[in-house]
1. Go through GLU192, GLU208, GLU186 for me and flag whichever is over 13 Å from the mean Cα position of the chain (by Cα), surrounded by fewer than 22 Cβ atoms within 10 Å (Cβ to Cβ) and not hydroxyl-bearing (Ser, Thr, Tyr).
2. Those residues that are farther than 12 Å from ASP47 by Cα, touching a Pro at 6+ places or on another chain (Cβ under 7 Å) and surrounded by fewer than 18 Cβ atoms within 10 Å (Cβ to Cβ), I need them from region 102-153; list them, please.
3. Spot the failing condition for VAL238; the list is (1) farther than 24 Å from ILE64 by Cα; (2) among the aliphatic types (A, V, I, L, M); (3) surrounded by 20 or more Cβ atoms within 10 Å (Cβ to Cβ), and only one is missed.
4. Could you give every pair whose Cβ atoms fall below 6 Å, whose first residue belongs to region 111-138 and is within 17 Å of LYS236 (Cβ to Cβ) and of a type outside the set (Gly, Ala, Ser), and whose second residue is at pLDDT below 95 and assigned to a loop (DSSP other than H, G, I, E, B), counting only separations of at least 6 or pairs across chains?
5. I'd like the full set of residues that are closer than 19 Å to ASN212 by Cα and not in a helix (DSSP H, G or I), limited to region 250-267.
6. Inside region 221-263, can you point out the residues that are more than 25 Å from GLN137 (Cα to Cα) and among the β-branched types (Val, Ile, Thr)?
7. Only one residue in SER52, SER43 is touching a strand residue (DSSP E or B) at 6+ places or on another chain (Cβ under 8 Å) and modelled with pLDDT of 85 or more. Which one?
8. Give the residues of region 221-257 that are out of contact with any strand residue (DSSP E or B) (no Cβ under 9 Å at 6 or more places or on another chain) and under 23 Å from LEU153 (Cα atoms), sorted by residue number.
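The values are calculated or read from the model by the stated rules, or taken from the named source; none is laboratory data. These figures come from a predicted structure and were not determined experimentally. No Cβ is skipped: glycine too gets one built from the backbone with ideal geometry, and neighbour counts run over all protein chains shown.
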Amino acid sequence: MLKKRFLTGTLTVVMIASMGTMAFANDLKAIESKSKIDTSALSVSGDAGQISKSALSEADIQAILNGKSNKVSSRSSIQDNSLIDKLSVLSQSKVARSASSGGALGVKVFTQEEEYYCGPATVKQTLHYINGYSSSQKSIANAIGTTPAGSNLEPMVEYINDNKDYGSTYVIISQPSKSKILRMVEYAVDHETPVVCRLRFKRTGSWEYKTNGHFLNANGFNSYGDEILLTDPNIKNVRPSAGGSYWVTLNELYNATNDHFAQEMAY
């Protein structure tokens with residue numbers, strides 16, 4: 001009888017241990033599955049890879065300001081005085097406003113609906129802030145020629161210029177320096193027209209994921225001018241609890257722009 005009880009007790013312990021092992025295995029599978037989902041969100045690419053023909057270099061900007069060039073976006077006019085004022089800002093050592101106060105625009109984030117929809121989502125964020133309304137990401141994607149390979153900046157800017165209710169013409173700036181990037185963001189805050197960034201970065205520093213080509217908005221700067229506020233249509237895919245906007249250093253934004261082969265952004 002005692003031997004029987006011992007065997008029964010031993011069997012019970014083995015069964016409990018086995019159940020515990022099975023439960024642990026199931027938990028491990030769940031953790032591994034969740035890890036795979038999180039990992040896949042840490043890399044994104046929605047850039048189709050074409051350099052914008054209308055992008056303005058430093059030489060182009062100076063020629064335009066000196067009245068010696070008509071190179072400008074097909075959706076704008078060189079006679080637009082606000083455009084001349086916009087380009088003039090890039091040549092100033094200091095912006096006209098007091099940068100000591102900093103500033104930011106409350107751009108609403110629209111999480112990209114497809115892995116390659118950062119372009120349409122960024123256009124939507126831009127126009128929704130300017131107009132207070134915007135078309136669907138799918139409608140914008142069709143209009144700007146987005147494919148599974150991604151989007152290109154030039155048709156994005158043309159769409160913004162065709163559909164915004166106010167503000168000067170958006171232009172694409174080639175190889176912007178750190179000081180020019182800061183001037184662009186300061187101008188954007190003053191005139192309530194978010195910057196469109198075209199970036200490539202690794203998962204390091206303020207960047208929570210990696211990308212070989214991504215679009216997002218720059219819409220704020222701190223009182224020292226060394227940090228920039230971004231509104232990113234992919235960030236909630238990576239971190240669902242994210243508010244949609246986050247800060248990076250000016251150096252990080254400059255490097256991410258410079259590391260992209262096109263080296264351009266629009267404002």
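1. Testing whether each residue is over 13 Å from the mean Cα position of the chain (by Cα), surrounded by fewer than 22 Cβ atoms within 10 Å (Cβ to Cβ) and not hydroxyl-bearing (Ser, Thr, Tyr) leaves just GLU192.
2. The answer is THR111, and nothing else.
3. Looking at each condition in turn, VAL238 falls short on (3).
4. TYR116/GLY46; CYS118/GLY46
5. HIS260, PHE261, ALA262, GLN263, GLU264, MET265, ALA266
6. Matches in region 221-263: ILE228, VAL248, THR249.
7. Going through SER52, SER43 in turn, just one is touching a strand residue (DSSP E or B) at 6+ places or on another chain (Cβ under 8 Å) and modelled with pLDDT of 85 or more: SER52.
8. Matches in region 221-257: LYS236, ASN251, TYR254.
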